[in-house]
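FYI, it's all coordinate maths here, none of it is from the lab. Computed from a prediction, not measured in an experiment: that's the story for all the values here. Because the Cβ atoms are built from the backbone with ideal geometry, glycine has one as well, and the counts that use them run over all protein chains shown.
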Amino acid sequence: MIRFILRRTSSLVLLLIAVSFITFTLFQLGPADPASAACGQECTPERVAEARIALGMDQPFIIQYADYMRGLVSPRMIGAPGAESVCQWPCLGKSFQTNENVSDIISRSLPYTLSMAVGALVLWTVSGVGLGLLAALRKGSATDKFIVGAASIGVSLPIPVTGLFLLLVFVNQLHLLPFTTNEINSPFGSLGPWAWVLNYVLPWIALAVLFSASYIRVTRTNMIETFGEDFIRTARAKGLAPRTVTFKHGVRAGISPIVTMLGMDIGLLLGGAVLTEQIFSVPGLGFTAVRAAISGDLPVTMAITMLAAFFVIVANVAVDLAYAAIDPRVRLQ
């Protein structure tokens, strides 16, 4: 087990380095000029050149990349010559647009993404797995057909359609829910737990409609296969209670694909649900990443990209470790 964890940790570091290099390279090849953007509309070529020096963009590509990566493990100097300041590790640099520490931007954006991701995760997992299991237990019935049909519709609805429909009906027409506001100065928002729930329930539903549809279909298919295996028939032949056969033996063995999906989805959500945050104006990581990419803000783009990659990789490692605990047939080699 220790060998496995060490091997996956080293893979994590290598993947993060690869992601950072690709992101840095794509930024260099892009059309955006951060120096011109930072200088403003009325800017002379001389001031643009000064801005490039202040941003460190006058150096060759490999030196810029090496300097950035060095700052992740040790302090480094940033800023224009004569006005440099020490950036403590892990140094993510300063925003090209606002000159704000990128770590502060991440700290401000992450709680919004967490608020949206955690609630949506609970909602789609409970509904998706629960309805998928119910459909499997009622295979061929009207309940099964209704659930499968609803899942087919849900999986075909993109986030923009679902999100805009929810806003139109529940906010603009019925006035039952508020439009998402930026009140999250405490873990449950500055307006209290109930107001926090009302504030994020529409993004949760928009995400849950799409994700739970996939969970319903996968859970139903896998549980039907699991209920037909020999060890389930043996458990029933021994006279075990149907509840014990279903939940202790069937669900535990058939839930493995859901764990894989859950790990990937958690990583993607924590990296920033871009479309959902844009639609509901939630200033989370995805919302911030889009604005940074459009304006050519490399430090912010790099930091969020690497954070998203980190969440995805860590989620995959957690999934691998969870397999052995969930399914007794799985063994780590």
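Per-residue HN-Hα couplings for the range 195-208, Karplus 6.51 cos²θ - 1.76 cosθ + 1.60 at θ = phi - 60°, whole Hz, x for Gly and Pro?
Using θ = phi - 60°, the values come out as 5, 5, 4, 4, 5, 10, 5, 5, x, 4, 5, 4, 6, 5 Hz.
May I have the extent of the alpha carbons of the range 190-258 along their three principal axes, as whole Å values ordered from largest to smallest?
Computed over the range 190-258, the largest-to-smallest principal extents equal 55, 23, 15 Å.
Hey, with R₀ at 51 Å, roughly what FRET efficiency would Ser36 and Leu6 work out to, going by the Cβ-Cβ distance, to 0.05?
Efficiency computed from Cβ-Cβ geometry: 0.65.
Please determine, in degrees from 0 to 90 and to the nearest 10, the orientation of helix 61-71 with respect to the longest principal axis defined by the Cα atoms of the chain, where the helix direction is its Cα long axis.
Value to nearest ten degrees: 70.
Would you tally the net charge around Gln59, using a Cβ to Cβ cut-off of less than 15 Å, leaving Gln59 out, and scoring K and R as +1, D and E as -1?
Residues near Gln59 contribute -1 overall.
How many Å³ per residue does the convex hull of the Cα positions in the range 158-304 occupy?
On the way: hull volume 23.6 nm³, N = 147.
Residue-normalised Cα hull volume stands at 160 Å³.
Between Met264 and Val86, what is the label-to-label distance in nm when each label sits 7 Å out along the Cα-to-Cβ direction?
4.5 nm
What net charge do the residues around Ile106 carry, taking every other residue with its C-beta under 15 Å from that of Ile106, with Lys and Arg at +1 and Asp and Glu at -1?
-1
With each run of n ≥ 4 DSSP H residues scored as -39500 (n - 2.57), what mean residue ellipticity at 222 nm is computed for the chain after dividing by its residue count and rounding to the nearest 500 deg cm²/dmol?
Calculated mean residue ellipticity at 222 nm is -22000 deg cm²/dmol.
Which residue fluctuates most in the GNM of the chain (Cα springs below 10 Å): Ile106, Ile153, Ile258?
Sorting by GNM fluctuation, first place goes to Ile153.
What are the principal axis extents of the Cα atoms in the range 99-225, in Å, biggest first?
Result for the range 99-225: principal-axis Cα extents of 58, 35, 26 Å.
What angle, in degrees between 0 and 90 and rounded to the nearest 10, separates the Cα long axis of helix 102-137 from the longest principal axis of the Cα atoms of the chain?
For helix 102-137, the angle is close to 20 degrees.
Given the chain, what count of lysine pairs have C-alpha atoms under 27 Å apart, with each pair 8 or more places apart or on different chains?
Summing the qualifying lysine pairs gives 4.
Where does the Debye-calculated log10 I(q)/I(0) of the chain sit at q = 0.13 Å⁻¹, using only Cα point scatterers of equal weight, no solvent?
Reported log10 I(q)/I(0), two decimals: -1.08.
Does anyone have the angle between helix 45-54 and the longest principal axis of the chain? Alpha-carbon axes, 0 to 90°, nearest 10?
Around 60 degrees separate the two axes.
Once you mark the trypsin sites (Lys or Arg not before Pro) that are in a DSSP loop and have at most 11 other Cβ atoms within 10 Å, what is the longest gap between them in the chain?
Looking at the chain, 1-237 is the longest stretch - no exposed trypsin sites (Lys or Arg not before Pro) with at most 11 other Cβ atoms within 10 Å.
So the label point goes 7 Å from the Cα of Ile224 along Cα→C-beta, right? Which residues of the range 252-272 then have their backbone N under 19 Å from it?
Taking a point 7 Å out along Cα→Cβ of Ile224, the residues of the range 252-272 whose backbone N falls under 19 Å are 252-258.
Given all pairs of different Cα atoms, what value in angstroms does the Kirkwood hydrodynamic radius of the range 95-172 take? Walk me through the numbers on the way to the answer.
Details: mean 1/r = 0.0628 Å⁻¹.
Mean inverse Cα-Cα distance, inverted, gives 15.9 Å.
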